[in-house]
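These notes are about the structure you will find just below.
The values are calculated or read from the model by the stated rules, or taken from the named source; none is laboratory data. Just so it is clear, the structure is predicted and the values come from calculations on it, not from any experiment. Please note: Cβ atoms are built from the backbone with ideal geometry, for glycine as well, and neighbour counts cover all protein chains shown. These area figures cover heavy atoms from the full protein model, side chains too; ligands, DNA and RNA do not enter into them. Shrake-Rupley method; radii C 1.70, N 1.55, O 1.52, S 1.80 Å.
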Amino acid sequence: MAEELSTFMEARKENGVHMPINNVVQPLLTDLYQITMAYAYWKSGKMEDQAVFDLFFRKNPFRGEFTVYAGLEECVKFLQNFHYSSSDIAYLRGTFPSIDEGFWTYLSNIDASQVSLHSMPEGYIVFPKTPLLRVEGPLPVVQLLETTLLNLINYASLVATNAARFRIAVGNKIKLLEFGLRRAQGPDGALSASKYCYIGGFDGTSNVLAGKQFGIPVYGTHAHAFVSSFKSVEDVKENSNGGSCIKVDQFKALVLHWLPQVCSILNVIENETNKGELAAFIAYAVAFPTTCLCLLDTYSVIRSGLPNFLAVALALDDLGYKAVGVRLDSGDLAYLSKKCRAAFKTIAKEFSKSWMESFVIVASNDINEDTLRSLKEQGHEIDSFGIGTHLVTCQKQPALGCVFKLVAVNDEPRMKLSEEVQKINLPGRKDVYRLYSAEGLAVLDLVQLTNEEPPQVGVKMMVRHPLVESKRAYVCPHKTELLHKQYWGPDGVMQNFPTLEELKERTAWSLKTLRPDIKRELNPTPYKVSVTDTMYHFLHELWLDHVPIGELT
Ligand SMILES: Nc1ncnc2c1ncn2[C@@H]1O[C@H](COP(=O)(O)OP(=O)(O)OP(=O)(O)O)[C@@H](O)[C@H]1O
Ligand SMILES: O=P(O)(O)OC[C@H]1O[C@H](OP(=O)(O)OP(=O)(O)O)[C@H](O)[C@@H]1O
Ligand SMILES: O=C(O)c1cccnc1
Ligand SMILES: [Mg+2]
């Protein structure tokens with residue numbers, strides 16, 4: 001067995017073992033009860049029982065009606081590397097001192113070589129109660145995968161969905177930057193957020209490691225500390241080691257030449273502009289003459305930041321450089337952005353520098369989906385939003401609630417009953433098809449047993465609500481798509497994984513296949529998840545079989 005295992009590990013290497021997003025992702029990153037159950041399965045001779053588990057969620061997040069599916073590639077990497085090390089076994093042995101010795105031999109020899117994993121495509125829009133993942137294999141082994149798979153899918157999908165909602169709220173023209181590292185739930189939360197927000201529709205991140213690790217474009221401006229670290233223009237000195245292309249003294253003189261003119265045009269009292277802030281902008285421009293973007297709100301956007309920036313921008317222009325723009329990080333962002341744009345236009349006109357009209361305006365400060373919608377309604381001049389806390393912590397809804405449920409053992413269906421009808425899960429080994437209209441819009445997702453005939457293009461069929469008998473409809477699909485593909489099997493990885501860029505495009509495409517009323521913010525229409533007539537009867541017969549008939553006394 002040990003030899004078989006090492007051959008298997010070699011084969012996996014040949015297929016290219018990918019590094020997980022975080023090496024904390026390992027078999028012991030699980031709940032204790034998975035190990036406890038594995039032992040009890042082993043004790044009762046269930047090692048070879050063949051189980052089917054579904055991973056799904058019950059309700060879309062953020063009071064919405066769609067979810068972006070993310071985290072799949074990490075699940076496959078987890079399966080690739082699934083193996084208990086000798087130190088894992090030693091630790092567990094200490095935790096369960098009275099366990100039969102044979103179990104440790106069993107546990108140290110298991111891996112995912114007998115597991116198969118079917119999944120929806122990562123990046124697709126997905127819906128409640130449909131299996132995102134179908135995981136099959138020896139009961140104890142698949143059981144041992146539960147918690148880690150849930151951990152890998154839940155946050156990834158939640159934050160990708162949040163990002164997609166922010167994207168929908170602003171439209172496609174505005175740049176969205178993820179600034180959440182400092183506020184995220186720990187280092188892994190931050191890295192995952194950067195990665196999955198990019199898939200969901202963000203254009204870049206401030207997180208440098210995410211840039212290095214995933215190739216996500218990195219962006220950044222500067223902070224208030226940089227501004228308040230300077231007190232006067234004299235604070236900016238030439239660095240004798242620097243060899244900068246701009247001579248500091250010459251640049252200061254140019255800026256001080258422009259400042260009174262700018263102040264007079266903008267009706268600002270020159271003495272009220274903060275000279276420490278001016279110094280900071282000068283220092284930043286000297287360091288980054290081609291990418292100069294200044295934070296305006298340390299003292300007063302209108303009475304200080306704006307004239308200071310414009311004086312620096314005009315001085316840069318004298319030297320042949322184009323400043324990039326400004327960032328606003330407090331106050332009424334709609335109002336201030338309009339004020340900034342108006343000032344840019346005035347200066348552009350006054351000095352015949354038409355390109356200055358379109359200086360970039362970045363806004364940040366506690367922005368959430370509602371702020372984005374409200375700003376849009378008010379009208380604003382913001383080109384780019386930097387968003388941290390609300391995005392990465394998913395403040396509106398902190399968890400997606402994916403679950404992992406047993407649906408079959410040795411080809412016999414299993415279902416978990418619940419007092420709450422909505423919590424009943426669909427038993428059996430199932431596939432999911434997406435049915436499309438002639439316009440290319442998704443009409444419904446159809447859940448059926450794997451041994452049923454697939455739905456046929458151009459053939460009218462009846463589909464049913466899984467629980468409500470009276471809810472039935474005929475549908476004649478223009479296109480059908482089997483959403484489940486096998487990603488992992490005995491030979492290892494079975495599909496090529498898309499790049500992050502391709503995933504991002506896929507998500508944008510998948511969102512376009514959704515009707516607008518399903519995506520709207522207020523009272524969105526639920527997307528239909530249906531079952532075949534066969535699946536309906538299969539579910540309801542099994543349900544009746546499982547529910548005891550009460551006796552009234
Ligand atoms: N025009 C606007 N419409 C709706 N919400 C806005 C608008 N402008 C800013 N906001 C939001 O209002 C809130 C303002 O918060 P708050 O009053 O705490 O910030 P501030 O005092 O302006 O800045 P800070 O405390 O960070 O210096 C932020 O969440 C911001 O995103
Ligand atoms: O507001 P978020 O969406 O989380 O975006 C990130 C925030 O982080 C930065 O400053 P920080 O909040 O650390 O300090 P500040 O609020 O005092 O500017 C930045 O200026 C943003 O305000
Ligand atoms: O680059 C920025 O402006 C930035 C980055 C992270 C957080 N707040 C702002
Ligand atoms: Mg802030």
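Quick rundown of the values:
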| quantity | calculated |
| --- | --- |
| Peptides 206-216, 173-183, 91-101, 156-166 ordered by average Cβ neighbours within 10 Å, highest first | 156-166, 173-183, 206-216, 91-101 |
| Farthest toward positive dipole pole in the range 220-387 [+1 Lys/Arg, -1 Asp/Glu at C-beta], among Tyr284, Ser358, Leu336 | Ser358 |
| Pairwise FRET efficiency - Met47 versus Ile549, Cβ, R0 = 25 Å, nearest 0.05 | 0.10 |
| Largest to smallest accessible area among Val25, Val459, Val142, Val324 [probe 1.4 Å] | Val459, Val324, Val25, Val142 |
| Calculated from backbone phi, Karplus (6.51, -1.76, 1.60) coupling profile of the range 40-51 in Hz, x at Gly/Pro | 5, 4, 4, 4, 9, x, 9, 4, 9, 4, 9, 10 |
| Under 5 Å, built H, 5+ apart or other chain: amide partners of Val403 | Phe56, Phe57 |
| Given charges at beta-carbon only (K, R positive; D, E negative), |dipole| of the range 220-387 in Debye | 300 debye |
| Portion, in percent, of the accessible area of the range 99-171 that falls on carbon or sulfur, probe 1.4 Å | 52 percent |
| Alpha-carbon Rg/Rh ratio, for the range 220-387, with Rh computed the Kirkwood way | 0.96 |
| Centre separation in Å (Cα based) which lies between the range 352-405 and the range 72-124 | 40 Å |
| ³J(HN,Hα) computed for each position of the range 439-445 - Karplus, 6.51 cos²θ - 1.76 cosθ + 1.60, integer Hz, glycine/proline x | 7, x, 8, 6, 8, 6, 9 |
| Approximate spin-label separation Val360-Ala223, in nm, with each point projected 7 Å along Cα-to-Cβ | 2.1 nm |
| For Lys430, residues with placed amide H under 5 Å, excluding near neighbours | Thr450 |
| Convex hull (Cα only) mean projected area of the range 101-158, reported in nm² to one decimal | 4.8 nm² |
| Amide H contacts under 5 Å for Trp488, placed H, 5+ residues apart | Leu117, Met494 |
| Selection from Asn109, Asn162, Pro466, by position along the positive dipole direction of the chain (Cβ) | Asn162 |
| Cβ crowding within 10 Å averaged over residues, with 30-36, 112-118 ranked highest first | 112-118, 30-36 |
| Karplus 3J(HN,Hα) series, Hz, for the range 393-410 with 6.51 cos²θ - 1.76 cosθ + 1.60 (x for Gly, Pro) | 8, 6, 4, 5, 7, x, 8, 7, x, 5, 10, 10, 10, 6, 10, 7, 9, 6 |
| The chain shape via C-alpha gyration tensor axes, a/c threshold 1.5 | prolate |
